[in-house]
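The values are calculated or read from the model by the stated rules, or taken from the named source; none is laboratory data. Predicted model only: the values in this text are computed from it and were never measured. For neighbour counting, all protein chains shown are included, and Cβ atoms are generated from backbone atoms with ideal geometry for every residue, glycine included.
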């Protein structure tokens, strides 16, 4: 009959639910799972000069038997060579220190913004996000100008008579930590603010009315309620910080050993695609644990 819809309301809702689920999964498969499987396949191959190696993992023997070819020498190499182990340890240390200091700096900042009136929150959040309006590389280069021997800090201190000779605050571990904390601080502040802003502030008032000291109110009320934000912010900082390449290389010097530098050297200097892919796969596996923690925290509402 003319005028009747082709699909019923139930069919439309069912198709809508299917798209809601299918689109994220299609995105995940296309842009993460498929590239990861390609990299994993390369990691199980032998090196070919300056090109991605092509070796089928599955083949057939002369007698018709199925043959699975897996070269695990690359994995033995990265877990036995001290250079790669030191690179992983250095990257994990950099990421852990970055998480600690971004949390120490970001929590008070997020709490301050969340406790302001509504008219002040947007401008304050804009100030937090303003560094994103400038190129990441330019911001890192700006720190070189600030920290170098004749840079802003040393020139100012010498002019004030505080020091007689320039401080060594560039091309060392201090400059790496400083640059990473600066770069990743907004990633900590924004999730913390998101949870603190939704917090029931009347609970804090009730605790104060019952005679609890500010430190106890923070420890027993504010901190547990903001724990999901702490977990989310810590992982948003930790995961990209582990693979950070630009900041350690520019602010720590070319000899700074990180897993990002190891990946760069294997791909672009040694042209060893299998080893570089192995390093990348091991890094992804290393980060699966934190991602599972985040998923568990989100599933339980931040409670253990």
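Brief remarks follow.
- Look at segment 113-134: where a residue is without any contact (Cβ under 8 Å) to a residue 40 or more places away in the chain and a partner is part of a helix (DSSP H, G or I), sitting 6+ places away or on another chain with Cβ atoms under 7 Å, you get 116/124; 124/113.
- From the list 106, 145, the one residue that fits, being farther than 17 Å from residue 185 by Cα and in a helix (DSSP H, G or I), is 145.
- Some residue of segment 1-10 being surrounded by 11 or more Cβ atoms within 10 Å (Cβ to Cβ), modelled with pLDDT under 75 and assigned to a helix (DSSP H, G or I): no
- Sole exception among (1) without any contact (Cβ under 8 Å) to a residue 12 or more places away in the chain; (2) at positive phi for residue 171, by number: (1)
- Exactly one residue out of 47, 40 is over 25 Å from the mean Cα position of the chain (by Cα) and either modelled with pLDDT of 65 or more or part of a helix (DSSP H, G or I) (or both): that is 47.
- Candidates 253, 229, filtered to the one that is under 20 Å from residue 121 (Cα atoms) and over 12 Å from the mean Cα position of the chain (by Cα): 229
- Some residue of segment 209-220 being over 30 Å from residue 151 (Cβ atoms), touching a helix residue (DSSP H, G or I) at 6+ places or on another chain (Cβ under 9 Å) and touching a residue at least 24 places away in the same chain (Cβ under 8 Å): no
- All positions within segment 91-112 that are crowded, with 18+ Cβ neighbours inside 10 Å and under 18 Å from residue 278 (Cβ atoms): 91
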